[in-house]
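Participant: Take a look at the following structure, please.
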Amino acid sequence: MASIVLDRVTVEFPIYNARKRSLKAELIRRAVGGRIQSDDDSRVSVVALRDISLMLKDGDRLGLVGHNGAGKSTLLRVLSRVYEPPVGHAEIKGTISSLTDLTMGMDPEATGYENILLRSIFLGVPIKQARQMVPEIEEFTELGNFLNLPMRTYSSGMMVRLAFAISTAVTPEILIMDEVIAAGDAAFFEKAEARLDRMVGSSRILVVASHSDTVIRRMCNKAALLREGRITMIGDVDEVLATYHGQD
Amino acid sequence: MSITIPEIASSEPPKPPSMARHLTLALEDLVKGLYDWRIWLLLGMNDIRQRYRRSQLGQFWITFAMATTIVTLGILYSYLFKMDLRVYLPYLGTSLVVWGLISGIVTDSGSAFINSEAYVKQASIPRSVFVHQMLVRNSIVFLHNLIILPPLYLFFGLTPSWVLLLAPIGVAFIILNGVWVGLLLGAFCARYRDMPQIIASLIQVVFFMTPVMWQPPQLPGRLVWLVRYNPVESFMDLVRDPLLGQAPPVSSWEGAAIVTVVGYSVSVLFFARFRARIIYWL
């Protein structure tokens, strides 16, 4: 059982300029006494998410839509436990895989084989299981002998193939995606798509942010519309998309 | 419909987490951090590997640089202090190697979280992992510096004694304290970006105030407190004394124990309070 419960989550990013961030500024402020500095004290911050409440359980496939800066990526990061909300409560149960940075943990100087193990460690896969994944990744990436060479010798397309193959080798309970990855050339793209579909299909909860209606329609059974950090609408995919396109 | 906005019973605004909750999460972070040993071991080793990549001597440049410092400083200061080179050089060598570990940990602590921004912002990895990574890196450097000591002792005819076995305990003590120093300074420096510079300057002062280059007996009587109440000196003693063939004084064990208990108490509370904020400071 995987589940996600967000209860009135608000996420603000304080903006520290060089002055604000320095200890000197703080000490001077403290020394002076504070009263007069009250306008100076009003810290500038960007509210990325405001009062978000959300409940997801097994079988839910949620698509997030909204303009740039609406809070989609921040919400995804709250859902993947990266940001702990300072206000409100987030309870996320289940193993999470976030396909936002496919290469995290990989080392360009290490060989392809070594990178399979490196990346696996960051995905939380035990070494033993990672070794068992190797043949399947070999076959899927079609990199052949390149897997014995340092990754810095790869073309960017080859690097994506490898990163994609490793990151999608294990299925999490909760799958988080920020735009669906377009990997490699046309022939590989089809393979990648099939593999992604399988992963999406076997995960219990999916949350994907995308600007593509096709992707949202294909993968999701629910959608949420974000606007200026709030969920303004949640429910049926077609209805949400219609509202989204109607709002401009 | 499977997705609903949960019905919230109370309409009052959500309360910020209590200190007890903060503390639970912080302890969880520390436990999970230890459990993720593969990640920090790998990150720490990669730090070293990347620094000396494709150089012929590789990470042994660490050893080489330290050996050069010890020999040149040793010869110069044995003249300045009018001390027997056979006594002074092993003392200075041991001191510098141990000091290197302590100062390395303290200065690196400041950048523990700042340097890991990319990881912190992408995945939910316990914050303590990055402190352990910093400790792994510094331990590797220390081990490379340690290589210098056996030839140095051999050259000056120092014979090892059984107290040598106390040295690893001293090293473990230093690293154990590195955890709280890293959590505290790591978070503090992420918030106040002038702190790393302040720490770098302070550590220089501590270097001159601590018997690294000089020995306690050289100090005039009225300055003895400088050594007696110097917490860094306690840790220096715990490793240096056994390596040079004598048991560390009881006062040094006491000093180190007090620093450990007080340090952890302050640091864990501080970390508990601000752990969740660190990511917003990066």
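The values are calculated or read from the model by the stated rules, or taken from the named source; none is laboratory data. Computed from a predicted structure; not experimentally measured. Cβ: placed from backbone, ideal geometry, glycine included. Neighbour counts: every protein chain shown.
Participant: Can you say whether B:L219 is surrounded by 20 or more Cβ atoms within 10 Å (Cβ to Cβ) and over 20 Å from the mean Cα position of the chain (by Cα), as far as the supplied structure shows?
Facilitator: no
Participant: Now a separate question. How many residues does region B:28-40 contain that are more than 13 Å from B:V179 (Cα to Cα) and out of contact with any helix residue (DSSP H, G or I) (no Cβ under 6 Å at 6 or more places or on another chain)?
Facilitator: Within region B:28-40, residues that are more than 13 Å from B:V179 (Cα to Cα) and out of contact with any helix residue (DSSP H, G or I) (no Cβ under 6 Å at 6 or more places or on another chain) number 4.
Participant: Continuing with the same structure: Answer yes or no as to whether B:R54 is among the basic types (K, R), within 14 Å of chain A (Cβ to nearest Cβ) and under 30 Å from B:F274 (Cβ atoms).
Facilitator: No; evaluated as a whole, the condition is false for this residue.
Participant: Pick from B:L219, B:L226, B:L282, B:L244: which is touching a residue at least 24 places away in the same chain (Cβ under 8 Å) and more than 14 Å from every other protein chain (Cβ to nearest Cβ)? Working first, answer last.
Facilitator: Details: B:L219 fails: touching a residue at least 24 places away in the same chain (Cβ under 8 Å); B:L226 fails: touching a residue at least 24 places away in the same chain (Cβ under 8 Å); B:L282 fails: more than 14 Å from every other protein chain (Cβ to nearest Cβ).
Only one candidate qualifies: B:L244.
Participant: Take the residues in region A:203-234 that are without any contact (Cβ under 8 Å) to a residue 24 or more places away in the chain and not polar (S, T, N, Q); name whichever of them is surrounded by the most Cβ atoms within 10 Å (Cβ to Cβ). So that I can check it myself, show each step before the final result.
Facilitator: Taking region A:203-234 first, the residues without any contact (Cβ under 8 Å) to a residue 24 or more places away in the chain are A:214, A:218, A:232-233.
Going one step further and asking which of them are not polar (S, T, N, Q), we end up with A:218, A:233.
Details: A:R218: 16, A:M233: 18.
Here the answer is A:M233.
Participant: Considering only residues of region A:84-103 that are part of a loop (DSSP other than H, G, I, E, B) and out of contact with any Phe, Trp or Tyr (no Cβ under 8 Å at 6 or more places or on another chain), which is farthest from A:L118 (Cα to Cα)?
Facilitator: Among them, the one singled out is A:P85.
Participant: So which of A:P150, A:P108 ends up being at pLDDT 90 or above and more than 9 Å from chain B (Cβ to nearest Cβ)? Show your work before the answer.
Facilitator: Numbers: A:P108 fails: at pLDDT 90 or above.
None of the others qualify; the one that does is A:P150.
Participant: Follow-up question, since we're still on this one. Here is a list of conditions, (1) touching a residue at least 12 places away in the same chain (Cβ under 8 Å); (2) more than 10 Å from chain B (Cβ to nearest Cβ); (3) not in a loop (DSSP other than H, G, I, E, B), and A:A70 meets all of them except one; can you say which number that is?
Facilitator: Condition not satisfied by A:A70: (3).
Participant: Starting from residues that are among the small types (G, A, S) and at pLDDT 90 or above, keep the ones in region B:209-247 and report whichever is farthest from B:I174 (Cα to Cα).
Facilitator: First, pick out the residues of region B:209-247 that are among the small types (G, A, S): B:221, B:234, B:245, B:247.
Retained after the next criterion (residues that are at pLDDT 90 or above): B:234, B:245, B:247.
Working: B:S234: 10, B:G245: 19, B:A247: 17 Å.
Filtering first and then ranking leaves B:G245.
Participant: Return the total of residues in region B:248-269 being part of a helix (DSSP H, G or I) and over 18 Å from the mean Cα position of the chain (by Cα).
Facilitator: From region B:248-269, those part of a helix (DSSP H, G or I) are B:250-269; that's our starting set.
Then drop every residue that is not over 18 Å from the mean Cα position of the chain (by Cα), which leaves B:250-251, B:254, B:269.
Counting residues in region B:248-269 that are part of a helix (DSSP H, G or I) and over 18 Å from the mean Cα position of the chain (by Cα) gives 4.
Participant: Hey, among the residues in region A:117-136 that are surrounded by 18 or more Cβ atoms within 10 Å (Cβ to Cβ) and farther than 20 Å from A:L175 by Cα, which one's nearest to the other protein chains (Cβ to nearest Cβ)?
Facilitator: Top of the filtered list is A:L118.
Participant: Let me ask another. Looking only at region B:175-190, decide whether some residue is in a loop (DSSP other than H, G, I, E, B) and surrounded by 14 or more Cβ atoms within 10 Å (Cβ to Cβ).
Facilitator: No, there is no match, as no residue in region B:175-190 is in a loop (DSSP other than H, G, I, E, B) and surrounded by 14 or more Cβ atoms within 10 Å (Cβ to Cβ).
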